Amino acid sequence: MKRRVITMISFLVSLSPLACDITFTVKKTQQLKHSRVVPDYPEGTELMIYETERIFKNTKTCEGIEVLSEKRTGGYETRHGHGKGKTYSTLNLTNGDKVYSTTYTSAVADKYGLTEATGAIVITGGTGKYKNISGRGRIHGKFGDLD
């Protein structure tokens, strides 16, 4: 079975008076996931924790600095493909700086195996040039299994 992920993530970032819109293109994703079915609870209820590393392609910050990768650690609770989650992320930039964020996501699966996720992202800080970065935005993505 092929796994295809189609995502679009965009958010507004504020650096002093500067604001910009960033869209990520993911080249490669590696994921480590642990899940557990909740005992003595309605069928299909599951808790998951995960760590994901994404490698980006042609993705730059507002200032033109290339984004190398993102490490994400989070948790998710789901019931038959519907659920909500919280993720802590670190963007690693080519100049050595980092940008930290927290995302809050809700997901809904349809009967065809396509899941649509929406949510909010809060940029909480960074290092180097991005030490005082802050921002917020929306997240929207779709993913599913394709034969």
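The values are calculated or read from the model by the stated rules, or taken from the named source; none is laboratory data. This is a predicted model, so every value here is computed, not measured. A quick note on method: Cβ atoms are made from the backbone with ideal geometry, for glycine too, and the neighbour counts reach across all protein chains shown. Please note that ligands, DNA and RNA were not included when accessible areas were found on the heavy atoms of the full protein model with its side chains. Shrake-Rupley method; radii C 1.70, N 1.55, O 1.52, S 1.80 Å.
Give me the Å³ per residue figure for the convex hull around the C-alpha atoms of segment 69-115.
So the per-residue Cα hull volume is 68 Å³.
Please state, rounded to one decimal and in Å, the Kirkwood hydrodynamic radius that segment 82-145 gives when every pair of distinct Cα atoms enters the mean of 1/r.
By the Kirkwood definition, the hydrodynamic radius is 13.0 Å.
Compute the distance in nm between two label points, each set 7 Å from the Cα along the Cα-to-Cβ direction, one at THR127 and one at LYS84.
3.3 nm
Can you sort TYR100, TYR88 by 1.4 Å-probe accessible area, starting with the largest?
My answer, sorted largest first, is TYR88, TYR100.
When the Debye formula is applied to the Cα atoms of segment 24-109, each taken as the same point scatterer, what base-10 log of I(q)/I(0) results at q = 0.22, 0.23 Å⁻¹?
Normalising to I(0) and taking log10 leaves -1.04, -1.10.
Going by accessible area, probe 1.4 Å, with all protein chains left in place, what is the ranking of ASP97, ASP110, ASP40, largest first?
ASP40, ASP110, ASP97
May I ask which of LYS60/LYS111; LYS57/LYS111; LYS33/LYS98 have a Cα-Cα span longer than 29 Å here?
Correct reply: LYS60/LYS111; LYS57/LYS111.
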